[in-house]
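First the structure, in the form of structure tokens, and then the observations on it.
The values are calculated or read from the model by the stated rules, or taken from the named source; none is laboratory data. What you are looking at is a predicted structure, and each value in this text was computed from that prediction instead of being measured. Cβ coordinates were reconstructed from backbone atoms using ideal geometry, including for glycine residues, and neighbour counts include every protein chain displayed. Heads up: the accessible areas ignore ligands, DNA and RNA and are worked out on the full protein's heavy atoms, side chains in. Shrake-Rupley method; radii C 1.70, N 1.55, O 1.52, S 1.80 Å.
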Amino acid sequence: MLREEPTTKKHGLGSKTYKELIQNERLLQVIMNSNRQEEARRTVIEKFNIPKQRPASRRSSGRKSAGLLKSISIEKSPKDAKQMDQLLDFSVTSKPAQKHLHFEKNIRRPLQTLEFSNDFTALKLDVTNPPYVNSSKDRLDMVRKAQSVVNVIAIGAQNDVTIFANKESNLKRIDQTEVAAMLANAKKEESPQKRTFEALMDEFSTHTIVVRDKLGPVYSPEFESFQRTYYYIWGPILTVIQKITKMLGEYGFSLGYVDGRKVADLAQDEQGIPYITVQQLFACLIDLTGDTKKLRQSNIKVNFKQGKFGKELAAMAIQKTWRRYVAQKRYKYLKEQNKSAIIIQKAWRLSRKLFATRREIKRRQLTAEQQWRKKQDRFRENWSVIKTKKRTIIHVPSLTYEVHQRKSIQERFQFIQNAQLFRLCALMDDLVDVIYVSPFPVSDDAIQYVAKILLTCGINNPEKRFRFVYPESFDRYTEHTSLSRSLLNSERTLKHIRTLIMGKEEVYMVQGVQNKDDYRLAVALQVPVMGADPSTNIIYSTKSGCRRIFAAADLNTPPGVYDVHSERELLLQLSKTIIRYPEYQQWLIKIDNEFEGRGTAVLDLSKVTCLSEQGRTQIMEQLASQNNMDEFLAILQDKLYFELREGIGSKIKLICNYVYKDWMDFMHAFKRMGGVIEAVPQNVVGSPVANLFIEPDGTVNILSIQEQLISPQFCTLGSAFPQGSVPHEPLRDASMSIGRILSQKQICGYVSVQYIAYINNQNALKLWGIDINLNLTNSSLFHQVFDHISGGVMDQHTGQYVSRNGGSLLKKSYVYSGLMRHEQFKTWRHSAFFSLCRQKGISFDMSTKTGCLFHLVDSLSRGLIGIICLGKTPTEAIVLFADVINFITGELNDDFIKPVNHQSNMHALIDLSQELVSKCMRHTKY
């Protein structure tokens, strides 16, 4: 391919020379492409006015003739002939012109030109495609190779024109052979051209350069030759020389001799120059003697400079290193301190925001509580007016026991909370609407069953007057979460309740077992409560609090001690009380906050060695004779104390061992909550319970007095009506007195007072107050159901059951079983069970208002069910109750009979029904 280099501007030629160069280019094209050599020769002679000469003889070596073009000479002056020594390189190609590829890199060569015009030899023609050069090192090798193969050939007798030809080019055009022969003859005839000093230096120099510390390389002919030879990579070479200069200064050498070729080899890889090691730089040095050689061999870098100021510089280096170490250490310390300070600042700001948020929440809570208390006071003051107006009652039957108590009930806890579906009987009052909050969606079967009973009671369209509400995330809470807590965490349900009561003039809430969560719920809804203040309720709903109420009402209580909180105090008080009251053989230890006999332990003195029958007789004689009684009782009390301390666990019987497994577990709960010690009378004739309703204005109403059905294990199972163990007057007076005391304590709502009646040694009937429940119990609720169905009410003055309308005496009785629990109930289908009951004659007669009603918490799949048997006489109700118990137990498997536990209580109900039947057979009152 024909190529033109921009020599004009580079060498300062004028525009005329450039034009002649273009003409010479055309002339060469004619020479190369002409098929007739003679024509080409004439053309050249005519162009340059070359005189005709005698052609040289041909070579006798047998080679082909070099062609008609034997010699070309230009007549010029000797001055011009001297400048002909500069060489012009051109190549004749046989291949067509082609474009260079993008990855080809041309070889740069020094361009030689003539000062006179008609310089056609300045053109360069590629013989072959330039080879692909991969790196700078390959380019260097190619230049050296090119210098070794290029020969200077003088054509003609004169030295005016010189032409470079490549030996390795293989000319394939028609005149290539002749041109080659011509060039060979010219080389033989002409004498070698004289070379300059720079050319000789470039060819024979070792390229050893001198480098000084802080000054760099010394400029010399050797260095200039080195620069001319490697000009194409001179930038990387200077970088390497700078590194060598810096290295010499670091190692304390003021002068160094460097091998330029090794420097050029290092400079070939431009990308690797930043990663050149000290060993590679040392390898470029020529004079490796003495300490320098040792340094290279040991590969150890000296940390101080040698020379005149070596020690001072070493000291400076040590100081620099020490200051860097100290600064780095201080920086790390300051960085850690700064990081710690940032953490502390963030924590402080977060804590301030947290405290501010808490203060704001507390302020809002206090504001809401103050507003609620105003509504509560208004509710108490205006109750006489409110009860005569249209009102809405929100029933929340939450059992807000302690967490460990709720966990002991486990899977049935949510269903037991829903055990008071019959609160809907409040719809008997035409002025009342009910919003019932259940812990889960109630099944349609249970709702329809309750609605039918309400229709039986004479309530028209009850579905329009009650609404069921439940927390929207009921299935996300744990099984032992109370209903009040679930409702507090359900903002959507709270909004729904607020929507339902919006615009209602009078709204109040009736809760279950109250605690702080119930109080927060009332404040959140801004609804007054038919119940006690939370702080008051916590105090007087315990066993010890009941003893205070009984003492204030001047009511007899069992001998014992209350407000006991430690094991040592328990054993001391128990020993002292046993010695003081030797006529009682059994003693109860009760945990303050337990219910239904769960936290009760029985101590039988027959198992105590020091209190054998002989010892008890001796104690009685000592008390009668008054001889050394104090000393004897002190000794006996000490013996009893030490005996109980050593082995009370083996002498105590736990009533509910499924709640507290052993004495240690029981004692742990006793020390946490406190408890009481009570004596158990021997001749117990009954356990009546009085159900009261204390109105907010202080009016006390006795709703009913029932007989509790208690198992031999001191567990309350159910109730019966009417009671006949105690005359009505003492029960009425005691209950009214307790109601007035509770009213003074700002306690209102539903209250149940438990008594025990027994016959003492003087054959006199005694009545003790045992416990108080400040909530609506299942027994009290089902007596209200009984009243609505029978259409009667108990006369609180006489205790007789009379008609609600005319006041005539009604002969009605019932037995309520409480909630029966058994795992097999879950397998019974609702429709199939009631169909089977009708087949067995277990149903309710609408005309006589007698029969059996079922207490449902939901569908039977919950494993809980209760029965209330109504009859005209107690005997009729007891017989029906026994028949239903036998029917249910007959549908169970043979292995259902188990002790009373959290899985089943059917065994205790069977024993109870048999005991009631046996009393009826003896014609005795229960």
With an 8 Å cut-off on Cα pairs and a minimum separation of 6 or more residues, tell me the relative contact order of the stretch 389-488 in percent. 40
Between beta-carbons, use under 12 Å as the cut-off and find the net charge around Lys651, counting Lys and Arg +1, Asp and Glu -1. 0
Chain lengthening between Glu583 and Asp638 when straightened (0.36 nm per residue, less Cα-Cα): 17.9 nm
Taking only the alpha-carbon positions of the stretch 639-785 as identical scatterers, the Debye log10 I(q)/I(0) at q = 0.10, 0.20, 0.21 Å⁻¹ comes out as -0.46, -1.23, -1.28
Two-site FRET efficiency, Lys362 against Leu892, from Cβ-Cβ distance with R₀ of 45 Å, rounded to 0.05: 0.25
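Could you give the size of the charge dipole of the stretch 492-596 about its Cα centre, using +1 on the Cβ of each K and R and -1 on the Cβ of each D and E, expressed in debye and rounded to the nearest 20?
Details: 13 positive and 13 negative charges, 61 e Å.
That gives a dipole near 300 debye.
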Segment Lys464-Ala315, extension gain: residue separation times 0.36 nm, minus the distance between their alpha carbons: 43.5 nm
Counting heavy atoms of the protein chains only and a 1.4 Å probe, report the per residue accessible area for the stretch 719-817 as a whole number of Å². 38
For the stretch 466-547, dividing by residue count, accessible area per residue (probe 1.4 Å) in Å² works out to 43
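With a sphere of radius 14 Å drawn around the Cβ of Asp554, what net charge do the other residues whose Cβ falls strictly inside it have (Lys, Arg +1; Asp, Glu -1)?
Result for the neighbourhood of Asp554: +2.
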Convert 37 °C to kelvin, take the viscosity as 0.692 mPa s, use the Kirkwood radius over C-alpha pairs of the stretch 736-854 as Rh, and evaluate the Stokes-Einstein diffusion coefficient in µm²/s, rounded to a whole number. 181
Grab the beta carbon distance between Lys407 and Glu569, set R0 = 25 Å, and tell me the FRET efficiency rounded to 0.05. 0.35
Across bins of 5 angstrom width beginning at 0, how are the C-alpha pair distances of the stretch 193-294 distributed, in whole percent? 2, 13, 25, 23, 18, 10, 5, 2, 1, 0
What list of ³J(HN,Hα) couplings, whole Hz, do you get for the stretch 233-243 from phi and the Karplus terms 6.51, -1.76, 1.60, once you set θ to phi - 60° and write x for glycine and proline? 10, 5, x, x, 5, 4, 4, 5, 4, 5, 5
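Starting from the Kirkwood radius over alpha-carbon pairs of the stretch 362-467, derive D by Stokes-Einstein at 20 °C in a medium of 1.002 mPa s and give it in µm² s⁻¹.
130
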As a test of understanding, state the convex hull volume per residue of the stretch 353-420 from its alpha carbons, in Å³. 157
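Carbon and sulfur atoms: what percent of the 1.4 Å accessible area of the stretch 373-462 do they account for?
Roughly 49 percent of what the probe reaches on the stretch 373-462 is carbon or sulfur.
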Measure of exposure for Glu707: accessible area at 1.4 Å probe, Å² rounded to 10, is 10
Value of relative contact order over the stretch 710-844, rounded to a whole percent, pairs C-alpha under 8 Å and six or more apart: 24
The stretch 410-547, relative contact order in percent, only Cα pairs under 8 angstrom and at least six apart counted: 20
Relative intensity, log₁₀ I(q)/I(0), of the stretch 796-857 from a Debye sum that treats every alpha carbon as a point, q = 0.15, 0.20, 0.23, 0.26 Å⁻¹: -0.68, -0.95, -1.12, -1.28
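Can you check what the net charge comes to around Gln370, using other residues whose Cβ is under 12 Å from the Cβ of Gln370 (Lys, Arg +1; Asp, Glu -1)? It would help to have the intermediate numbers written out before the result.
Numbers: positive: Arg363, Arg364, Arg373, Lys374, Lys375; negative: Glu369, Asp377.
Computed value for this residue: +3.
Taking only protein heavy atoms and a 1.4 Å probe, what accessible area per residue, in Å², does the stretch 404-453 have with all protein chains in place? Display every interim value, and only then the final one.
Details: 1610 Å² over 50 residues.
Each residue of the stretch 404-453 exposes 32 Å² on average to a 1.4 Å probe.
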Going by Cα centres, the stretch 590-614 and the stretch 553-573 are how many Å apart? 13
